[in-house]
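Each reported figure results from applying straightforward, stated rules to the coordinates on display, with no laboratory input. Keep in mind it's a predicted model, so treat the numbers as computed, not measured. Positions of Cβ are generated from backbone atoms using ideal geometry, with glycine treated the same way; all protein chains shown enter the neighbour counts.
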Amino acid sequence: MYSESGSHTLSNHPAGGGPPGRRWRAGAFGVLWLAAILFSTADAARAGDITALVVDAKGQPLKNAVVYAIPVSGKVAPPEKGKTALVDQIRKEFIPMVVAAQTGTAVYFPNNDNIHHHVYSLSPAKTFELPLYLGAPPNPVVFDKPGIAALGCNIHDWMLAYVVVVDTPHFAITGQDGKGAIRDVPPGAYTLLAWHYMMKGEPESRAIGVQVASGDQEKRFALDLKPVFPIRRAPSLPGGGYR
């Protein structure tokens with residue numbers, strides 16, 4: 001209704017200003033409007049995936065390459081509490097051959113063979129030794145700084161594996177197709193790197209800048225490889241023995 005002065009008054013309307021039907025419609029519109037804003041904001045901040053393809057100089061896919069994204073800001077979440085990784089020993093081989101882990105991760109080295117193994121690393125990233133043992137050592141090895149730890153066995157010279165320790169939780173290992181997918185990377189600027197145990201040079205020499213938004217993206221690394229001369233696996237000794 002209007003007052004004599006011509007101004008609009010709500011004195012005869014229910015509390016809240018306006019007929020109930022109109023108030024409901026206005027309220028519903030407000031809820032939908034707020035939901036739309038929240039949805040678009042959440043979508044804008046949605047984490048993205050980075051898929052990296054790693055190939056050699058001839059374009060052939062490389063398995064067991066580690067790809068990882070480091071935030072340009074330098075701010076990374078610490079490893080999840082209780083986060084662990086595992087390098088098994090089966091049929092006188094390390095399984096898997098390559099493990100990637102964030103700095104601070106504890107790695108277990110069970111021995112599932114029926115013979116003794118003697119695991120060690122002389123790498124600057126982590127120097128340790130697990131003398132002859134069967135089963136599982138009581139404690140894991142904590143990899144507390146970034147770098148590449150090459151693993152060996154003092155009894156079986158052909159056994160070789162790598163623990164790739166990176167200062168980020170955003171990493172993946174490539175499969176047979178040479179692809180590794182880094183999932184749920186928060187939006188922001190990153191440096192994307194790739195490592196392979198046969199590559200020439202350091203990962204930093206082939207770094208790629210990546211701006212992660214709500215969409216997914218693909219990047220490609222072509223690595224020059226150095227020749228590798230693997231140690232031949234020794235045959236089993238007559239009458240048993242460690243080999």
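For the reader, a short list of remarks on this structure follows.
- Hydrodynamic analysis of the range 76-126 uses the Kirkwood radius over alpha carbon pairs. Inserted into Stokes-Einstein at 20 °C and 1.002 mPa s, it gives a translational diffusion coefficient of 171 µm²/s.
- The orientation-averaged projection of the convex hull spanning the C-alpha atoms of the range 158-199 amounts to 4.2 square nanometres.
- Extension gain, D88 to Q217, is 43.1 nm, computed as 0.36 nm per intervening residue step minus the present C-alpha separation.
- Our compactness index for the range 77-167, the C-alpha radius of gyration over the empirical 2.2 N^0.38 Å, is 1.01.
- Potential extension, K58-A136 segment - 0.36 nm per residue separation minus Cα distance: 23.9 nm
- The string of couplings for the range 142-157 from the Karplus curve (6.51, -1.76, 1.60, θ = phi - 60°) is 8, 8, 9, 8, x, x, 10, 9, 8, 9, x, 10, 5, 9, 10, 5 Hz, one whole number per residue in order, with x for Gly and Pro.
- Sites I231 and K81, calculated FRET efficiency, Cβ-Cβ separation with R0 51 Å, nearest 0.05: 0.85
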